[in-house]
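Chemist: Okay, here's the structure, questions in a sec.
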Amino acid sequence: MPSESFITREVLEAILDTIDEGIHVIDPNGQTIFYNGVAAKHDGMNRSEVLGKPLLEAFPSLNHKSSTLLRVIKSEKPIYNFSQSYVNAHGRIIETLNTTLPIHVKGVIVGAIEIAKDYSSVKKLSQRLADLESSLKTSENPEKKTEIGQMHSFSEILTSDPQFKSLISQGKKAARSSSSVLVYGESGVGKELFVQSIHRDSDRRKEPFIAQNCAALPGSLLESLLFGTAKGSYTGALERKGLFELADGGTLFLDELQSMPIDLQAKLLRVLEDGFIRRIGGARSVQVDVRIIAAMNINPKNAVSENKLRPDLFYRLNVLSYELPPLRERVKDIELLTEYFISIYNTKLEKTIKGIDEETRFFFQKYQWPGNVRELKHTIEYMMNHTEQDIIVLEDLPQLLKKRTSPPEEILPLRKAMLEMETKLITDALLQTNGNVFQASKLLQIPRQTLQYKIRKHI
């Protein structure tokens, strides 16, 4: 019969083997005591090559300074979301994003655990995209630059809202400037549409427009993508241009800026100040002529107070800043956009929908649209795919929105609601005790005299 401690360890190891992240545990001497299958797959190793062996023997390219596990054993402090590049015992370059934690028992460190995510494939993909941007930019055919994607213009922003019309006028003026721009507003309000319109109206319209979401990549990968890398800056690194160099002469759009690590924001600020960038691991600075337009889906002042945005970067970008209003604040635009999206999907879906009925129109105007224009667009697309009529009705709404069309339950005055509840509880207690007031009072945990008074008053 297996011992209880053996069963506990067996169950624990089985659990750790089922999760989809690499788990690597070492003891205080740096010897591996647990190493799951996912970690082995990430590292390109067999478990037998690592388990029970000193860490530096299994991974000879690492040392006490470059290994996050050994650093945590020494410092007894956690390391969060750290990107690590190393060569395994078979000569393969490995890229992981690690969180490494000390393991304490009764205040004494007994080991360290590393939870690793493999982003080698993500990094390779981002570098291929950068190479593609570079090849498109340096193409001998200058017309290639305008074929990378259809750029939107201010004429495509449909609105009858005076405030939004004023913002469009300001955006057209911003297009004539070379200053950096900050655009913020809730998700789905059309920030990228507004940003592309600024680029298309500017003198840079024939030059590259490159967009990068700052929340899509780990900080170290985002840094190498933006600034480029010098050959040998890390294991396997090649001489590679970053997005700043690829966007030279044009516009670099940084979406969700508040997700960019604070230390990387400092480097961005320096580029805004002097126009020079230096590739990671490089010794030479390169001057670039890039207009930075940043976007955020939260108020930048809140981002500053929450330490998500450097104050100095905010003040540098706040010269030209625009807050795009949510759809619920421009109700007249709902009908305008609804008609536009119906015409778009009539063409795409080969339908002849004439519009929406009055009930649906009323619901659209009262609904808060937390996803803004994007949510309205997807709602229209869904309804047009499901309707069998030439007029869209409430029944065609997506299931989640249908629930919001049900009339809310009547809310009683508090005093009346409490009286009804009290009467019900007393009646139930009397039924359970066959009318025995004494037993009912014990069930309700109130004095018998109090119960008799309430019975005379309410029942």
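The values are calculated or read from the model by the stated rules, or taken from the named source; none is laboratory data. Because the structure is a prediction, the values reported are computed rather than measured. Counting neighbours? That spans all protein chains shown, and the Cβs are built from the backbone with ideal geometry, glycine included.
Chemist: Determine if segment 347-367 includes at least one residue that is under 25 Å from the mean Cα position of the chain (by Cα), under 30 Å from Ala215 (Cβ atoms) and not acidic (Asp, Glu).
Modeler: The initial filter retains those residues of segment 347-367 that are under 25 Å from the mean Cα position of the chain (by Cα), namely 367.
Restricting the remaining residues to those that are under 30 Å from Ala215 (Cβ atoms) gives 367.
Now narrow it down to the ones that are not acidic (Asp, Glu): 367.
Looking for residues that are under 25 Å from the mean Cα position of the chain (by Cα), under 30 Å from Ala215 (Cβ atoms) and not acidic (Asp, Glu), one finds at least one in segment 347-367, hence yes.
Chemist: Also: Might you let me know whether segment 245-253 holds any residue that is touching a Leu at 6+ places or on another chain (Cβ under 8 Å) and at pLDDT 90 or above?
Modeler: The initial filter retains those residues of segment 245-253 that are touching a Leu at 6+ places or on another chain (Cβ under 8 Å), namely 252.
Then keep just the ones that are at pLDDT 90 or above; that gives 252.
Scanning segment 245-253 turns up at least one residue that is touching a Leu at 6+ places or on another chain (Cβ under 8 Å) and at pLDDT 90 or above.
Chemist: Can you name every residue in segment 413-459 that is over 51 Å from the mean Cα position of the chain (by Cα) and of a type in the set (Lys, Arg)?
Modeler: Matches in segment 413-459: Lys442, Arg448, Lys454, Arg456, Lys457.
Chemist: Checking the condition within 23 Å of Pro208 (Cα to Cα), exposed (fewer than 14 other Cβ atoms within 10 Å of the Cβ) and free of Cβ contacts under 8 Å to residues at least 12 places away in the same chain, which residue from Arg284, Arg270 passes? So that I can check it myself, show each step before the final result.
Modeler: Numbers: Arg284 fails: within 23 Å of Pro208 (Cα to Cα).
When all the criteria are applied, what remains is Arg270.
Chemist: Show me the helices (runs of 4 or more DSSP H) found entirely inside segment 1-116 where at least 3 residues are of a type outside the set (Gly, Ala, Ser) and modelled with pLDDT under 85.
Modeler: Working: elements: 4-18, 37-43, 55-58, 68-75.
Answer list for segment 1-116: 4-18.
Chemist: Please tell me if Leu425 is of a type outside the set (D, E, K, R) and in the same structural domain as Gln439 (by TED's automatic domain parsing).
Modeler: Values: of a type outside the set (D, E, K, R): yes; in the same structural domain as Gln439 (by TED's automatic domain parsing): yes.
Judged against the criteria, Leu425 is a match.
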